[in-house]
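Report on the structure given below.
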Amino acid sequence: MNRKRRFKKHQPRRVVPDYICCGSIRSRLSFALLFIGLVSMTLNVYFLFFRDVNVWTFERSAVDASHNVFNKWAAEFHQSEIGSVQKLETATEVRFGKNESPSNKIHGSVLHEHIKTKVTKAVIKESEKDEGRIKTNTTKSHTPIKGSMPKCPLNPAGLVGSLKARTDDITPEELRKLFHDVENGGRIRPRNCVPRERLAVIIPFRNRYQHLYILLLNLIPFLQRQMTDATIFIIEQAPNTTFNRGALLNIGFLEALKSAKFDCFILHDVDLIPLNDWNFYRCGKNPRHYAVAMNKFGFKLMYDKYFGGVVGFSKKQYINVNGNSNLYFGWGGEDDDLWSRTFNKNYTVDRYDLRTSRYMMIKHKGDVGNDKNSERRKILKSGLKRQDIEGLNTTKYKVNSIKLDQLYTWINVSLDMMEILDTAPFDTRHDIWRLVKSLEKEKAANKSIVTTKKGLTRN
C-alpha cells in the first residue's frame, strides 16, 4: 500500500500544453464571433423586409383569398434572398436614371409597395379563372375585389325550410320598393360572397300579370335566401298566335345567352310558387325536376314521367337534348317530349323528396289562346326521330322589344305558326297538319261567329 502511495506521490503532474489552451480560447472566440455575425445578419434581414409594417398589412378579406398565392410567391422569393432585392434596386436605378436623387430609388416601403403590387396582380389573375365573377380594377389603395370574397355556402344560414305562399295582390311599383336591392334587368345576387354558378330563370308568359307579380313576391326572397346569382327573364308571346310554351323556353335560352354567360337555366311556369327554400335552384350532373309535388294533385307526383312546371338544365345539357320541341302549339305535350329527349341522351332526371319539392299552383281558368292540344300524343310518337333535327336548333321567332326593368328582363316575341311547323321533318308533317286543322276549328268555335245578312254578330 505504501509503495503505491509513494509511486503516486513521486509521479509528475500532467501539464496542459500551451498550444492546447491557446487553441481553445481561439476556437471559443471564433464561435462567439460567428454567433454574433449570425444574429447581426438576422437583424439586418428582419429590418430590410419588415421595417415598414403597414406595407404588409392587407385587408382581412383579401388575406383569405390570397393566402395560397402569397405563400407560393414568398417561397420563390426567399430562394433568391438578397440577390433579388439587389436586382430590383438595380433595375429601378436604370429606370429612374443616374442623375435622379437617391430618394427616387426603390428602398424600404417603396420596394415593399412594388412587392405588394406583384402579389395583388397574382391574386387577381388567380381569381379571374372562375366564371361568373365580376372583374374589378385594383389600385394601389387595394379596393376589395370580387375574387377576394369567399364562395357562397352550399347550405346558407338564412334558409327557412317550409314556406307559406304569399298571394297578396301587389303592384309592380310596390314590388320595386320592396325589392330595391334587385339590380336592373332582374339580377339577384349576394353582396358578401361569390355564388357558385349563374342562373337564368326563364318564365314563358302571356296575359298573366297578376300571377307574375305574386310569383315575383315569393320567388325573389326565395332566391335571395339561397344566395344565388340569378336573372329573371320574362318571355312574352305576342297575341294572335296559339301559345307555344316549348318555343318560348327555347327563345329564353337563346336570348339569355346573348346577355351573359349563364351556367344553369331554370324553366319556370308563372303560376307555381315554391314552398320550401331547401329546394335549391341549382344544376348538377343531370337535369332536375323541381315541381314534383303540387297542391293541385295532393302534393304527389302526377305520374312518373311528369317533367313539367319547373325544371333545370345546365347549358351543356340543354344543348345536348336540343332543347324543347317547337311543334306543340296549345296546352300539353312539350314536357313529355322533353322527358323523352332527356333520357334519349343518356341523362336521368333528379328530384328532391316530396316534402322539399312542394309548390302551390295559383288557381286560374283556362287561358284564351292556349287551348288543349288534341294532337299532342300523335306528335309525341315521332319525338325521338326528330330530336336532333328539330328543337333548339330550328327555333324561329322575331324579337319585338326588350325591356330592362328593375324586377326582370322583359322580351316580347312573335311566332309564325306556319314558319315553325315547316321545320318539322317530312315524315311527321301529316300529324302536324292535323294539328293545324284542329287549332283552326277550336279557334273558330271560341269566336262563335255567325254570319247573317245584317253582318257579323257574336253569340
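The values are calculated or read from the model by the stated rules, or taken from the named source; none is laboratory data. Quick caveat: nothing in here was measured; it's all calculated off a predicted structure. Using ideal geometry, Cβ is built from the backbone for each residue, glycine included, and neighbour counts are taken over all protein chains shown. To get the accessible areas, we keep the full protein, side chains included, count just its heavy atoms, and leave off ligands, DNA and RNA. Shrake-Rupley method; radii C 1.70, N 1.55, O 1.52, S 1.80 Å.
What the table shows:
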{"quantity": "Filtered residue count, region 385-399, keeping only those that are more than 15 Å from VAL321 (Cβ to Cβ) and β-branched (Val, Ile, Thr)", "calculated": "1"}
{"quantity": "Search result, residues across region 283-298 that are part of a loop (DSSP other than H, G, I, E, B) and under 30 Å from the mean Cα position of the chain (by Cα)", "calculated": "CYS283, GLY284, LYS285, ASN286, PRO287, TYR290, ALA291, VAL292"}
{"quantity": "Output for region 176-204, where each listed residue is surrounded by fewer than 22 Cβ atoms within 10 Å (Cβ to Cβ) and either closer than 25 Å to GLY308 by Cβ or hydroxyl-bearing (Ser, Thr, Tyr) (or both)", "calculated": "GLU197, ARG198"}
{"quantity": "Criterion (at pLDDT below 95, buried (at least 22 other Cβ atoms within 10 Å of the Cβ) and under 20 Å from PRO204 (Cβ atoms)) met by exactly one of TYR328, TYR281, TYR359", "calculated": "TYR328"}
{"quantity": "Residues within region 249-267 that are over 18 Å from the mean Cα position of the chain (by Cα) and either among the polar types (S, T, N, Q) or within 15 Å of GLY312 (Cβ to Cβ) (or both), tallied", "calculated": "2"}
{"quantity": "Test: residue in region 257-269 that is within 15 Å of VAL311 (Cβ to Cβ), outside any helix (DSSP H, G or I) and open to solvent by 10 Å² or more (accessible area, probe 1.4 Å)", "calculated": "yes"}
{"quantity": "Residue list for region 222-244, filter: in a helix (DSSP H, G or I) and open to solvent by 30 Å² or more (accessible area, probe 1.4 Å)", "calculated": "GLN224, ARG225"}
